[in-house]
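Reading through the structure tokens given below for one structure.
The values are calculated or read from the model by the stated rules, or taken from the named source; none is laboratory data. Note that the structure is predicted; figures quoted are calculated from it, not measured. Cβ coordinates were reconstructed from backbone atoms using ideal geometry, including for glycine residues, and neighbour counts include every protein chain displayed. SASA here: full protein model, heavy atoms, side chains in, ligands and nucleic acids out. Shrake-Rupley method; radii C 1.70, N 1.55, O 1.52, S 1.80 Å.
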2 protein chains.
Amino acid sequence: MVQCSVSLDDSFAALSDQTRRGILERLGRGEASISDLAANFEMSLTGIKKHVSILEHAGLLTTEKVGRVRSCKLGPRRLQDESAWINAYQQMLAERLDHLEAFLEHTKGNE
Amino acid sequence: MVQCSVSLDDSFAALSDQTRRGILERLGRGEASISDLAANFEMSLTGIKKHVSILEHAGLLTTEKVGRVRSCKLGPRRLQDESAWINAYQQMLAERLDHLEAFLEHTKGNE
């Protein structure tokens with residue numbers, strides 16, 4: 001679970017903001033320009049560009065300049081390592097709860 | 001996907017640090033005191049306490065003071081909302097790729 005740690009830092013940090021998750025959800029419905037996103041989120045172009053840059057750095061979206069318009073679309077990152085990390089956490093937590101339950105059963109049996 | 005957004009901010013931010021993920025992985029093998037964690041991660045007590053506090057705030061671990069020792073264990077948060085968000089993202093990304101593929105097929109057919 002330690003592999004890809006720097007990259008997990010970037011992706012989890014990118015996901016830790018409601019507007020950035022909103023941008024990804026918006027791009028899930030199709031490509032959008034920086035101006036479209038600024039209008040959608042009622043935010044300045046500078047503010048949106050900052051969020052887009054963090055998402056792009058984390059590999060969660062790509063941008064392409066066509067003429068004077070910068071268009072954004074999802075990908076290429078598929079969040080598979082992130083998903084695997086969370087699954088492993090859930091597995092660990094379930095095991096800890098099983099241990100606790102077994103301990104409580106054992107304690108009860110000894111009363 | 002907008003529900004629980006503040007709480008998703010906290011949990012994704014808590015997960016965006018290699019040491020904090022390491023602390024959760026360590027607690028997956030059993031409870032540990034702050035001093036144990038400081039020794040494991042070769043970090044000052046102050047540094048570890050800061051990480052533990054962020055994880056506790058996000059509901060990823062709980063602490064309990066027994067005598068002079070503060071013990072940490074996993075939970076109660078199960079990261080189900082986080083898992084659901086990532087699954088939805090993966091679904092959206094797959095749909096975008098399907099659209100792209102269909103578009104390319106269509107373009108190819110018109111050549």
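Things worth noting here:
- Principal-axis tilt of helix A:80-109 within chain A, Cα atoms, nearest 10 degrees: 20 degrees
- Rg over Rh [alpha-carbon atoms, Kirkwood Rh] for the stretch B:45-111: 1.45
- All Cα-Cα distances of the stretch B:1-78, cut into 10 Å bins from zero to the largest, leave 19, 54, 21, 5, 0 percent in each bin in turn.
- Cβ nearest the rotation axis (B onto A), residue from chain B and distance to the nearest whole Å: B:Phe12, 2
- Computed over the alpha-carbon pairs of the protein assembly as shown, the distance histogram in 10 Å steps reads 7, 28, 28, 19, 11, 5, 2, 0, 0 percent, short to long.
- Remark: label point of B:Phe103 defined 7 Å out from Cα along the Cα-Cβ vector; separations to the same position in other copies 5.4 nm, ascending.
- Integer Hz, Karplus 6.51/-1.76/1.60 couplings in order for the stretch B:16-26, x for Gly and Pro: 8, 9, 4, 5, 5, 5, x, 4, 5, 4, 4
- Chain-alone versus full-assembly comparison, the stretch A:64-78, residues with accessible loss of at least 20 Å² (1.4 Å probe): A:Leu74, A:Arg78
- Other copies of A:Glu42: label-to-label distances in nm, shortest first, labels 7 Å along the beta-carbon direction: 5.1
- Here A:Thr63 yields copy-to-copy label distances, from shortest upward, of 4.0 nm, the label point defined as 7 Å from Cα along Cα to C-beta.
- Separation of the A:His57 and B:His106 label points, Cα + 7 Å toward Cβ, nm: 3.6 nm
- The B and A chains share an interface that buries close to 3200 Å² of accessible area, total over both sides, probe 1.4 Å.
- Residue-count net charge about B:Val52 - beta-carbon cut-off 9 Å; Lys, Arg +1, Asp, Glu -1: +3
- Cut-off 15 Å between beta-carbons: net charge of the residues surrounding B:Asp36, Lys and Arg +1, Asp and Glu -1: +3
- All lysines inside 17 Å of A:Lys65 as judged from Cα atoms, apart from same-chain residues fewer than 8 positions distant: A:Lys49, A:Lys50, A:Lys73
- With respect to chain A, whose longest principal axis is taken over its alpha-carbon atoms, helix A:5-15 is tilted by about 70°.
- Modelled FRET efficiency - R0 30 Å, B:Arg70 with A:Asn87, Cβ distances, 0.05 increments: 0.55
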